[in-house]
1. Collect the residues in the stretch 162-190 that are basic (Lys, Arg) and away from the ligand (no atom under 16 Å from the Cβ), keeping them in residue-number order.
2. Have a look at 70, 153, 105 and point out the one that is within 16 Å of the ligand (Cβ to nearest atom), assigned by TED's automatic domain parsing to the domain that holds residue 228 and among the small types (Gly, Ala, Ser).
3. Which of the following residues is open to solvent by 60 Å² or more (accessible area, probe 1.4 Å) and β-branched (Val, Ile, Thr): 136, 122?
4. Restricting attention to the stretch 199-208, does a residue exist that is modelled with pLDDT of 95 or more, among the hydroxyl-bearing types (Ser, Thr, Tyr) and part of a loop (DSSP other than H, G, I, E, B)?
5. Just one of the numbered conditions (1) open to solvent by less than 80 Å² (accessible area, probe 1.4 Å); (2) away from the ligand (no atom under 11 Å from the Cβ) is not true of residue 147; which one?
6. Name the pairs: first residue in the stretch 167-193 and at negative phi and part of a helix (DSSP H, G or I), second residue within 11 Å of the ligand (Cβ to nearest atom) and among the acidic types (Asp, Glu), Cβ to Cβ under 8 Å, at least 6 apart or on different chains?
7. Looking at this structure, is residue 207 closer than 20 Å to residue 47 by Cα and open to solvent by 10 Å² or more (accessible area, probe 1.4 Å)?
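The values are calculated or read from the model by the stated rules, or taken from the named source; none is laboratory data. It should be emphasised that the depicted structure is a prediction, and the values quoted were computed from it without experimental measurement. Glycine gets a Cβ as well: all are built from the backbone with ideal geometry, and neighbour counts include every protein chain shown. Surface accessibility is based on the protein's heavy atoms, side chains included, excluding ligands, DNA and RNA. Shrake-Rupley method; radii C 1.70, N 1.55, O 1.52, S 1.80 Å.
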Amino acid sequence: MNFEDKEISNHRLEPEGGVLYVVGTPIGHLGDLSPRAESILRSVSAIACEDTRHSGKLLKRVGAKAPLFSFYEHNTQSRLSQFLELLQNGDSLALISDAGLPGISDPGEKLVKAARESGHDVICIPGPCAATTALVSSGLPCHRFCFEGFLPSKGNGRKKILIQIAKETRTTVIYEAPHRLIKLLKELVEVCGEQRPLQVSRELTKRHEEHIGATTGAALRYFTTQKPIGEFTLVLGGAPEEKSPLYTNSELIDEMKELINNGSSATEAARNVAKKSSYSRRFLYSLLHQTNIRHDS
Ligand code: SAM
């Protein structure tokens, strides 16, 4: 047994009965399906997927033989009770989506909630996700970010979110369909300006992967000559933080008055307060002039 095998054998045996496995699958490159995901898909009692025909290809490739159940927005309610019954009977269930991580702009969330509420373990077999793949390859700040997924397609809901996104100081990740990309880029230019940092990731992990940016304006110009084809994830840089003043004018004046009362000249008081407040000495001196205190000698 080599080191890796030992590491793996330290973990619990999989799959276990009564457990829901949320399994990440490739967003393009089939090599991104992990050995653990393959093994779970080969050995669970049943598999829930969005589109049985679409997932059938991947499942055939890995030799998965478990019965497949379609699970999408419009049959969620009827399927939930069926899946809970399976888990209750001690079967193991894997949940996959057409691509990426189930639950991320894909069905899954409701099943996970229902399984947890019924006391079943839910274990995620992590895998590719377009949002995080685009984010970490964007060069934009990753330490804090928000995920918007698909924006509402029209109306006030869309306008409201666009305005919120424009003000957001964290990096924002957005999913968009190719036929709506240019409309979204125009809207982003309108609410964020032409210079907001943006990377548009196209066809991640696939043969024609590209990253187009580096600003809202540049991406819009690019796609007015290149028809958007394929799958797109946008990573938008945050709005600059608004600097809120740490001190009000009257607090600054009070500080300077105190120094003057304790014997400092106005110039010294302005210089000292400038150091701690980051306001310029000139500004502080002019504040003093506006007050009727006697200053400087
Ligand atoms: N659950 C998936 C995940 O974990 O990324 C997302 C599913 S959502 C229905 C599909 C959207 O994800 C696409 O319209 C696109 O915006 C984005 N996406 C998926 N695959 C992609 C890829 N290879 N390159 C760029 N974006 C992709």
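1. Restricting attention to the stretch 162-190, the residues satisfying the condition of being basic (Lys, Arg) are 167, 170, 180, 183, 186.
Within the stretch 162-190, 167, 170, 186 qualify.
2. Only one candidate qualifies: 153.
3. Of the residues listed, the single one that is open to solvent by 60 Å² or more (accessible area, probe 1.4 Å) and β-branched (Val, Ile, Thr) is 136.
4. Yes, the stretch 199-208 has at least one match.
5. Against the list (1) open to solvent by less than 80 Å² (accessible area, probe 1.4 Å); (2) away from the ligand (no atom under 11 Å from the Cβ), residue 147 comes up short only on (2).
6. Qualifying pairs under 8 Å: 178/231; 184/176.
7. For residue 207, the condition - closer than 20 Å to residue 47 by Cα and open to solvent by 10 Å² or more (accessible area, probe 1.4 Å) - is not met.
One line per residue, one yes/no per condition, for (1) modelled with pLDDT under 90; (2) open to solvent by 100 Å² or more (accessible area, probe 1.4 Å); (3) not assigned by TED's automatic domain parsing to the domain that holds residue 169:
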residue	(1), (2), (3)
259	no, no, yes
262	no, yes, yes
269	no, no, yes
279	yes, no, yes
297	yes, yes, yes
